[in-house]
Amino acid sequence: MILTVTMNPSIDMSYQLDNFTIDNVNRTSKVLKTAGGKGINVTRVLYQLNEPVLATGIIGGYLGEYLANQMNEQFIPNNFYKSTQETRNCIAILHQGKQTEILEAGPTFSTEEELGFINHYKTLIKDVSVITISGSLPQGLDNDFYTKLIKIAKEYEVPVLLDTSGKALLHSLKNSHAKPFLIKPNQHEISDLLQKPVATNFHELKQDLENPIFEGIEWIVVSLGADGAFVKHNNLYYKADIPTINVINPVGSGDSTVAGLAAGLNQQLSDEEIIAYAMTTGILNTMEEQTGFINREKFDEYYQKIVVTRYE
Ligand SMILES: Nc1ncnc2c1ncn2[C@@H]1O[C@H](COP(=O)(O)OP(=O)(O)OP(=O)(O)O)[C@@H](O)[C@H]1O
Ligand SMILES: [Mg+2]
């Protein structure tokens, strides 16, 4: 079973408006309220792929209950640690082809809540074969928090796929005792890590991935949006060419890619198959309006179109 961890989930509210006027009343009946957060997207796609999955993280209050209820209604297995603090809302206003977002920071967790979650996580990990950790850390949890989760996973010999950014990612790479099994930075995240603009030129990218900061990480999947991906697995390098797609909404494609990677690893597929699997799930997400959502029926058609080749 794959365990997905979302520490800062949200109820995502999307309001569609014909016109958005600042400093005025804007009315709409086009409202969507969905369970959100990068790890929730990963969970949804894994569920759509028919992979055994369980979602965890911290939820609380009325919105936390709403989130769990929505997942239950969709038959998506979940077992969150409950806090007394209210889960956050994130608001997206879609207007004139633009998207204006308001993201709440969310609750600030105490040391007791941190320990409470860690104990909860330990009870779940026993039946788990792969873990994904996605998104930013909530307030109150230090940058070493994901490293703590990875360390526990190591004790149970469970590989961790970490998809985060900034200081939380940097911390987990610098800790020599508990490195993630796989990371999936996009071009912006890898540039941030290396503190320089990273090109999509594969020759340079290969050299960049030889940076000591990546030592001890088995898989590095640099996702490049419409340009596919460049991948390092131990000492082997791969490039993935993908077809041109009629994109509807690319948000959450990285999360969908992480779901594909977790599924491929869980099924113990070959390197090439794992990469093609993840590119397919990423692409399928871009073809849907909903974030972190794929149409499984199109999987085989697009999987055939991915070309994964070794890069020397
Ligand atoms: N415009 C696109 N056309 C075709 N495929 C795409 C496009 N954008 C993304 N993808 C697919 O999804 C994968 C992941 O996309 P991307 O590199 O944009 O991730 P990301 O920046 O982490 O996204 P997010 O964080 O919003 O989920 C790509 O490797 C590719 O397979
Ligand atoms: Mg991403």
Query raised in the report: Taking a spot 7 Å from the Cα of Lys82 along the direction of its beta carbon, which residues of segment 50-71 have an amide N less than 19 Å from it?
Result: 55-71
Query raised in the report: Just from the alpha-carbon atoms, what are the Rg and Dmax of the chain in angstroms?
Result: 19.0, 58
Report task. Take the alpha carbon atoms of segment 1-33, find their center, do the same for segment 159-227, and report the distance between the two centers in whole angstrom. Result -> 30
**Report entry** Karplus (6.51, -1.76, 1.60) ³J(HN,Hα), θ = phi - 60°, over segment 235-250, in Hz, Gly and Pro reported as x
**Finding:** 9, 9, 10, 9, 10, 10, 9, 10, x, 7, 10, 7, 6, 9, 8, x
Query raised in the report: Given a Förster distance of 45 angstrom, what is the FRET efficiency for Glu218 paired with Asp18, based on the Cβ-Cβ distance and rounded to 0.05?
Result: 0.35
Requested in this report: Compute the relative contact order of segment 181-245 as a whole-number percentage, counting only Cα pairs closer than 8 Å that sit 6 or more residues apart in sequence.
Outcome: 31
Report summary line: In order over segment 73-79: 3J(HN,Hα) from phi, Karplus 6.51/-1.76/1.60, θ = phi - 60°, whole Hz, x for each Gly or Pro, gives 4, 8, 6, 8, x, 8, 8
Requested in this report: Report the net charge of residues surrounding Val221, where surrounding means a beta-carbon distance below 12 angstrom and charges are Lys +1, Arg +1, Asp -1, Glu -1.
Outcome: -1
Report summary line: segment 17-125: relative contact order from alpha carbon pairs under 8 Å, six or more residues apart, as a whole percent, is 23
Query raised in the report: What does the charge add up to near Leu17, with Lys and Arg as +1, Asp and Glu as -1, over the other residues with Cβ less than 12 Å from its Cβ?
Result: +2
Query raised in the report: Efficiency by 1/(1 + (r/R0)^6): what FRET value for Thr108 and Asn211, r their Cβ-Cβ distance, R0 = 51 Å, to the nearest 0.05?
Result: 0.90
Report summary line: With the label point 7 Å along the Cα-to-beta-carbon line of Tyr156 and a cut-off under 13 Å to each amide N, the hits in segment 33-54 are 54
Query - For Ser10, residues with placed amide H under 5 Å, excluding near neighbours - result: Gly36, Gly37
Report task. Report the local net charge at Gly37: Lys and Arg +1, Asp and Glu -1, summed over other residues whose C-beta lies under 15 Å from its C-beta. Result -> -2
Report summary line: Going residue by residue through segment 167-172, the Karplus relation 6.51 cos²θ - 1.76 cosθ + 1.60 with θ = phi - 60° gives ³J(HN,Hα) values, rounded to whole Hz and with x marking Gly or Pro, of 5, 5, 5, 4, 4, 5
Query raised in the report: Normalised by the residues of segment 172-292, what does the relative contact order come to in percent, with Cα pairs under 8 Å and at least six apart?
Result: 21
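We did not get these values from a lab; they are worked out from the coordinates using the rules stated. All figures in this text were calculated on a predicted structure; none of them were measured in a lab. For neighbour counting, all protein chains shown are included, and Cβ atoms are generated from backbone atoms with ideal geometry for every residue, glycine included.
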